[in-house]
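Undergrad: One structure follows; several queries about it will come next.
The values are calculated or read from the model by the stated rules, or taken from the named source; none is laboratory data. Worth saying up front: this structure is predicted, and the values here are computed from it rather than measured. Don't worry about glycine lacking a Cβ; one is built from the backbone with ideal geometry, like all the others, and counts go over all protein chains shown.
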Amino acid sequence: MFKQISFTLNNGNKIIAPSSMGIGSVYFKMEMQSTPENYNETLKSNLVELFEKAKGTVHIDCAANYNVYPEFSDALKINTQKTFKKREDLWITDKFDSVLGTFPDPKTHVLTVLKQLDLQYLDLFLIHYPFVGSKKISLSIAEIWAEMEQLLKDGKVRNIGVSNFSVTDLEKLNETAIIKPVINQIEWSPYYLNQSPGIYDYCQENKILIEAYSPLSPLSMKDAGEDDSEEGKKFISYIDFLAAKYSISDSEILLRYAIQSNVLPITTSSKMERILNNHNFTNDRPDLNLDDCEIAKITTLGKQHKQISKYEKFAAFFQTLIEK
Ligand SMILES: NC(=O)c1ccc[n+]([C@@H]2O[C@H](COP(=O)([O-])OP(=O)(O)OC[C@H]3O[C@@H](n4cnc5c(N)ncnc54)[C@H](OP(=O)(O)O)[C@@H]3O)[C@@H](O)[C@H]2O)c1
């Protein structure tokens, strides 16, 4: 029996969880633009295989600065030719880059990308980070948001939200926004439960769904040999214990932990087997839930580990591009 989990957004729309494939991180290009030389054949073929083999709705997380539109566009063309997934069986998120200036404004962004991907609308459009003031873009966050509200009214995007916003950033946005963000996509894992002070509670109280990027950090760090701390070993051994108890994988335990914490995990892999497993993770055990004590113990052990943040490094990089 296949049952996909969904969250209801504050506008009543539904979004499925977890993401099937983030096409940033393991796929994104360091180069500032896509060229025929840096075309990523693996990304295209993984997307095609996902469209072909994944059941239900496929959820893709994209962004302007991943520089992967050519591969995404080619994969969508093959999907259409082979009639794997209908448009309503795809959830496509994209993010406006307010610093690097891939596109000068949200309207140009969305119209260009819809044309390139041969789509009529995006499911979700986010402001990638709260930073503005680089040489490339002269818009304020309030102006960017107002354009996004218009794109929503025009039917070019179906939901709008933000990413990497703190409580202060959200409150400032609220001063001018007519439409509330439905989502705040932030880094979140048991090793990093508050990207900025109070952000988890604020989003829960204000019905802004948290999407968690890097929800598998404890596992990817362990696999990369980047964590030999005692706290890390204790944490992983508890996740191993739960995985054995429920006969599911370690990653499924962390994805379930996120979902039971009312957080939508945005995950990815370079490996097709993991992508399909993460996508299908409710497949055989749709009603399996960790119990409250297990959730609490993952939180406690995660808090004992030193905080792990990829965000702090990349926020510092973006700050260097902002004019003082
Ligand atoms: N909004 C933002 O600012 C922002 C920032 C970063 C990322 N994102 C989005 O979030 C997505 C996910 O980010 P992320 O890559 O940091 O998150 P992640 O899913 O926590 O980490 C992916 C890593 O986990 C490993 N992995 C995947 N499945 C696994 C499994 N079953 N067991 C063990 N390890 C597993 C993968 O390794 P293998 O490849 O070896 O499987 C990969 O290195 C990105 O692609 C992007 O779309 C957004």
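Undergrad: Got at least one residue in region 111-123 being surrounded by 17 or more Cβ atoms within 10 Å (Cβ to Cβ) and touching a Cys at 6+ places or on another chain (Cβ under 6 Å)?
TA: no
Undergrad: From the list Leu43, Leu50, which residue is crowded, with 16+ Cβ neighbours inside 10 Å, in contact (Cβ under 8 Å) with a residue 40 or more places away in the chain and in a helix (DSSP H, G or I)?
TA: On inspection, the qualifying residue turns out to be Leu50.
Undergrad: For the condition crowded, with 23+ Cβ neighbours inside 10 Å, in contact with a Ser or Thr (Cβ under 9 Å, 6 or more places away or on another chain) and either within 22 Å of Ile160 (Cα to Cα) or in contact (Cβ under 8 Å) with a residue 24 or more places away in the chain (or both), what is the one hit in Pro265, Pro181, Pro197?
TA: Pro265 is the lone residue from the list that is crowded, with 23+ Cβ neighbours inside 10 Å, in contact with a Ser or Thr (Cβ under 9 Å, 6 or more places away or on another chain) and either within 22 Å of Ile160 (Cα to Cα) or in contact (Cβ under 8 Å) with a residue 24 or more places away in the chain (or both).
Undergrad: So which residues in region 81-117 are assigned to a loop (DSSP other than H, G, I, E, B), under 25 Å from Gln4 (Cβ atoms) and touching a residue at least 24 places away in the same chain (Cβ under 8 Å)?
TA: Listed by number, the residues that qualify are Phe84, Lys85.
Undergrad: Collect the residues in region 204-215 that are farther than 22 Å from Thr268 by Cβ and either aliphatic (A, V, I, L, M) or within 16 Å of the ligand (Cβ to nearest atom) (or both), keeping them in residue-number order.
TA: Residue satisfying the conditions is Ile208 alone.
Undergrad: Same structure, new question: Given Thr80, Thr93, which one is buried (at least 21 other Cβ atoms within 10 Å of the Cβ) and out of contact with any helix residue (DSSP H, G or I) (no Cβ under 6 Å at 6 or more places or on another chain)?
TA: Thr93
Undergrad: Right, next: Quick check on Leu264: is it within 13 Å of the ligand (Cβ to nearest atom), outside any loop (DSSP other than H, G, I, E, B), modelled with pLDDT of 95 or more and over 25 Å from Asn10 (Cβ atoms)?
TA: no
Undergrad: Can you tell me which residue within region 228-252, out of those that are in contact (Cβ under 8 Å) with a residue 40 or more places away in the chain and either within 13 Å of the ligand (Cβ to nearest atom) or not in a helix (DSSP H, G or I) (or both), is farthest from Asp287 (Cα to Cα)?
TA: Here the residue is Ser229.
Undergrad: Still on this model: Among the candidates Asp123, Asp97, Asp118, which residue alone is in contact with a His (Cβ under 7 Å, 6 or more places away or on another chain) and more than 17 Å from Ala177 (Cα to Cα)?
TA: After ruling out the rest, the residue left standing is Asp97.
Undergrad: Could you tell me which residue of region 280-312 is nearest to the chain's Cα centre (by Cα), considering only residues that are within 11 Å of the ligand (Cβ to nearest atom) and either within 15 Å of Ser19 (Cβ to Cβ) or assigned to a helix (DSSP H, G or I) (or both)?
TA: Tyr311
Undergrad: Is it true that some residue in region 1-17 is part of a loop (DSSP other than H, G, I, E, B) and within 15 Å of the ligand (Cβ to nearest atom)?
TA: no
Undergrad: Restricting attention to region 150-168, does a residue exist that is part of a helix (DSSP H, G or I), under 19 Å from Asp201 (Cβ atoms) and not hydroxyl-bearing (Ser, Thr, Tyr)?
TA: Taking every residue of region 150-168 in turn, at least one turns out to be part of a helix (DSSP H, G or I), under 19 Å from Asp201 (Cβ atoms) and not hydroxyl-bearing (Ser, Thr, Tyr).
Undergrad: Oh, and also: Quick one: is Glu37 more than 25 Å from Asn280 (Cα to Cα) and surrounded by fewer than 22 Cβ atoms within 10 Å (Cβ to Cβ)?
TA: yes
Undergrad: Output the residues belonging to region 38-79 that are hydroxyl-bearing (Ser, Thr, Tyr) and out of contact with any Gly (no Cβ under 6 Å at 6 or more places or on another chain).
TA: Tyr39, Thr42, Ser45, Thr57, Tyr69, Ser73
Undergrad: Do any residues in region 210-227 that are under 30 Å from Thr8 (Cα atoms) and in a strand (DSSP E or B) have Cβ atoms under 6 Å from those of residues that are near the ligand (Cβ under 8 Å from one of its atoms) and among the hydrophobic types (A, V, I, L, M, F, W, C), where the two are at least six apart or on different chains, and which pairs are they?
TA: The qualifying pairs are Glu211/Ile266; Tyr213/Ile266.
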